[in-house]
Amino acid sequence: MPGDTGSPVDVPLPTVEAALGDWAFQYQTLAQKNAKATMKSSAALASSIKYNVTEFKGAYTLTISLADYYDYINKGVKGVKDQSKATGSPYSFRNLGVSYKMVNSLKNWGQTLTTTTRNQKKIFKRSTDYQIQGSFYGMAVNIKKYGIGSTFFWDKTYDAMVPSLAPMLAKALKEDVTMVMKQIFIIK
């Protein structure tokens with residue numbers, strides 16, 4: 001056709017954009033709920049789950065992001081001595097060596113727990129930093145020895161939410177196309 005540049009026409013689709021945002025919010029909420037239900041003290045992972053809907057030249061992009069370690073929690077990690085907690089996982093610990101970073105992560109996690117008993121608080125107050133560090137080191141060795149159990153919190157969310165995406169988008173697109181067609185025929 002003469003004058004056709006081959007570029008897509010930038011037609012706003014407000015119903016599609018709103019529907020994507022609503023669906024992403026529901027996905028985020030369910031993923032956070034699943035993360036909290038399947039793990040103890042999962043506030044950091046659950047709060048890391050975010051979404052963003054963007055539009056550029058008529059193309060919509062939905063991005064869902066979360067902490068980079070989510071898949072270790074989702075699929076689990078096989079232990080060096082015992083692999084039964086994460087039988088189908090592609091991840092496994094290779095040795096019992098524990099890094100300073102892992103011990104400090106556990107220590108930071110331990111300090112954020114709000115459900116400590118009165119006796120545990122007394123023990124922490126009387127313990128030296130060296131004893132506390134040693135406790136978290138022992139915890140890290142046990143994690144590497146026995147692994148991290150699979151929670152499938154992300155897989156459960158995906159399986160529950162993705163089947164509803166296409167029908168929801170089709171309905172929203174139909175509404176937007178109908179609105180655009182009405183505008184075109186009223187103007188001409």
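The values are calculated or read from the model by the stated rules, or taken from the named source; none is laboratory data. From a predicted model like this one, the values you see are computed outputs, not experimental measurements. Note that each Cβ is placed from the backbone with ideal geometry, even for glycine, and that neighbours are counted across all protein chains shown.
So here's what we get for this one:
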{"read-out": "Restricting segment 73-91 to residues that are in contact with a Leu (Cβ under 9 Å, 6 or more places away or on another chain) and surrounded by 16 or more Cβ atoms within 10 Å (Cβ to Cβ), the residue that is farthest from residue 31 (Cα to Cα)", "value": "80"}
{"read-out": "Number of positions in segment 52-72 that are surrounded by 18 or more Cβ atoms within 10 Å (Cβ to Cβ) and farther than 17 Å from residue 155 by Cα", "value": "1"}
{"read-out": "Subset tally (residues that are surrounded by fewer than 14 Cβ atoms within 10 Å (Cβ to Cβ) and touching a residue at least 40 places away in the same chain (Cβ under 8 Å)) for segment 156-174", "value": "2"}
{"read-out": "Filtered residues of segment 104-147 (kept if among the β-branched types (Val, Ile, Thr) and at pLDDT below 90)", "value": "112, 114, 115, 116, 117, 123, 128, 132"}
{"read-out": "Yes/no for residue 4 being of a type in the set (D, E, K, R) and modelled with pLDDT under 85", "value": "yes"}
{"read-out": "Selection count where residues are in contact with a Lys or Arg (Cβ under 8 Å, 6 or more places away or on another chain) and at pLDDT below 85, scope segment 8-37", "value": "2"}
{"read-out": "Total residues in segment 82-103, condition touching a Phe, Trp or Tyr at 6+ places or on another chain (Cβ under 8 Å) and at pLDDT below 95", "value": "4"}
{"read-out": "Subset of segment 80-102 [closer than 13 Å to residue 141 by Cα and touching a Gly at 6+ places or on another chain (Cβ under 7 Å)]", "value": "82, 93"}
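The rows are residues; the columns are (1) in a helix (DSSP H, G or I); (2) of a type in the set (Asp, Glu); (3) in contact with a His (Cβ under 9 Å, 6 or more places away or on another chain); (4) assigned by TED's automatic domain parsing to the domain that holds residue 30.
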{"position": "55", "(1), (2), (3), (4)": "no, yes, no, yes"}
{"position": "82", "(1), (2), (3), (4)": "no, yes, no, no"}
{"position": "88", "(1), (2), (3), (4)": "no, no, no, no"}
{"position": "101", "(1), (2), (3), (4)": "yes, no, no, no"}
{"position": "104", "(1), (2), (3), (4)": "yes, no, no, no"}
{"position": "107", "(1), (2), (3), (4)": "yes, no, no, no"}
